[in-house]
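Visitor: Below you will find the structure I want to go over with you.
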Amino acid sequence: MNKLLVHKHLLIRAEVNEPLQNKNKAIKYLRKMIKAIGMKPMYGPTASYCKMEGNRGLTAFAIIETSHIAMHIWDEVSPALCQLDVYTCSEMDPNQVLPFLEVMEPAKVEYKFLDRESKFEEIYSSK
């Protein structure tokens, strides 16, 4: 296996008081995150707002050179639910990603950081 590829996966579940609801703000948010964690965008970020009752909220994603970032925010509940998924085939420090949640005023944050190179191995989590 190519040692350049290390398969790190950060999964975040956050309950937030100020969810992103604007597509343009979500795109800027992901651009800043991509730059801060030293990744290279290949497509996007792009975002869309779903108005369907029971599934209302924002979805944004970007394809990065080493994989992807996806964010889903459901804003019908209070606090809103934010699911953030950062997968990369290069090294990553979750502590560079977690501060990005502050703009949404998190009430609760849980995360798991996985090494998926040869199996699902938890590196660490918030619990």
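The values are calculated or read from the model by the stated rules, or taken from the named source; none is laboratory data. Remember, predicted model here, so these are calculated numbers, not experimental data. Methodologically, a virtual Cβ is constructed for each residue, glycine included, from the backbone with ideal geometry; neighbour enumeration extends over all protein chains shown.
Visitor: Checking Pro99 against (1) touching a Pro at 6+ places or on another chain (Cβ under 9 Å); (2) free of Cβ contacts under 8 Å to residues at least 24 places away in the same chain; (3) under 19 Å from Ser125 (Cα atoms), only one condition comes out false. Which one?
Guide: Result: Pro99 passes all but (1).
Visitor: Looking at (1) closer than 24 Å to Lys8 by Cα; (2) part of a loop (DSSP other than H, G, I, E, B); (3) hydroxyl-bearing (Ser, Thr, Tyr), which is the one condition that is false for Thr46?
Guide: (2)
Visitor: Going through Lys40, Lys108, Lys32 one at a time, which residue ends up being touching a residue at least 24 places away in the same chain (Cβ under 8 Å), farther than 15 Å from Leu10 by Cα, loosely packed, with under 14 Cβ neighbours inside 10 Å and in contact with a Phe, Trp or Tyr (Cβ under 8 Å, 6 or more places away or on another chain)?
Guide: Values: Lys40 fails: in contact with a Phe, Trp or Tyr (Cβ under 8 Å, 6 or more places away or on another chain); Lys108 fails: in contact with a Phe, Trp or Tyr (Cβ under 8 Å, 6 or more places away or on another chain).
Answer to the check: Lys32.
Visitor: Kindly provide the set of residues from the stretch 64-79 that are of a type in the set (A, V, I, L, M) and without any contact (Cβ under 8 Å) to a residue 40 or more places away in the chain, ordered by number.
Guide: So in the stretch 64-79, the residues of a type in the set (A, V, I, L, M) come out as 64, 69-71, 73, 77.
Of everything in the stretch 64-79, those that are of a type in the set (A, V, I, L, M) and without any contact (Cβ under 8 Å) to a residue 40 or more places away in the chain turn out to be Ile64, Ile69, Ala70, Val77.
Visitor: Still on this structure: For the subset of the stretch 1-26 comprising residues that are assigned to a strand (DSSP E or B) and among the β-branched types (Val, Ile, Thr), which member is farthest from the chain's Cα centre (by Cα)? Please lay out each step first, then the result.
Guide: Applying the first criterion (assigned to a strand (DSSP E or B)) to the stretch 1-26 yields 8-16.
Now restrict to residues that are among the β-branched types (Val, Ile, Thr): 12, 16.
On the way: Ile12: 7, Val16: 14 Å.
Among those that are assigned to a strand (DSSP E or B) and among the β-branched types (Val, Ile, Thr), it is Val16.
Visitor: Does Tyr29 qualify as being under 22 Å from Ser126 (Cβ atoms), among the hydroxyl-bearing types (Ser, Thr, Tyr), modelled with pLDDT of 95 or more and outside any loop (DSSP other than H, G, I, E, B)?
Guide: So Tyr29 passes the test.
Visitor: Further question: Quick check on my filter: what residues within the stretch 68-93 are surrounded by 20 or more Cβ atoms within 10 Å (Cβ to Cβ) and either assigned to a loop (DSSP other than H, G, I, E, B) or more than 10 Å from the chain's Cα centre (by Cα) (or both)? Before you say what the answer is, go through the steps one by one.
Guide: Step one: filter the stretch 68-93 for residues surrounded by 20 or more Cβ atoms within 10 Å (Cβ to Cβ), giving 69, 71, 73, 80, 82, 84, 86, 88, 92.
Selection gives Ile73, Ala80, Thr88, Met92.
Visitor: Let me ask something else about it. So, in the stretch 94-127, of the ones that are in a loop (DSSP other than H, G, I, E, B) and not acidic (Asp, Glu), which residue ends up nearest to Ile37 (Cα to Cα)? Write out each step before concluding.
Guide: So in the stretch 94-127, the residues in a loop (DSSP other than H, G, I, E, B) come out as 97, 105, 116-120, 126-127.
This time we only want the ones that are not acidic (Asp, Glu), so: 97, 116, 118-120, 126-127.
Values: Val97: 7, Arg116: 19, Ser118: 24, Lys119: 24, Phe120: 22, Ser126: 20, Lys127: 23 Å.
Per the criteria, the residue is Val97.
Visitor: Let me ask another. Can you confirm whether the stretch 56-63 contains a residue that is exposed (fewer than 12 other Cβ atoms within 10 Å of the Cβ), in a strand (DSSP E or B) and either without any contact (Cβ under 8 Å) to a residue 40 or more places away in the chain or of a type outside the set (Lys, Arg) (or both)? Show your work before the answer.
Guide: Within the stretch 56-63, the first condition is being exposed (fewer than 12 other Cβ atoms within 10 Å of the Cβ), and the residues that meet it are none.
There is no residue in the stretch 56-63 that is exposed (fewer than 12 other Cβ atoms within 10 Å of the Cβ), in a strand (DSSP E or B) and either without any contact (Cβ under 8 Å) to a residue 40 or more places away in the chain or of a type outside the set (Lys, Arg) (or both).
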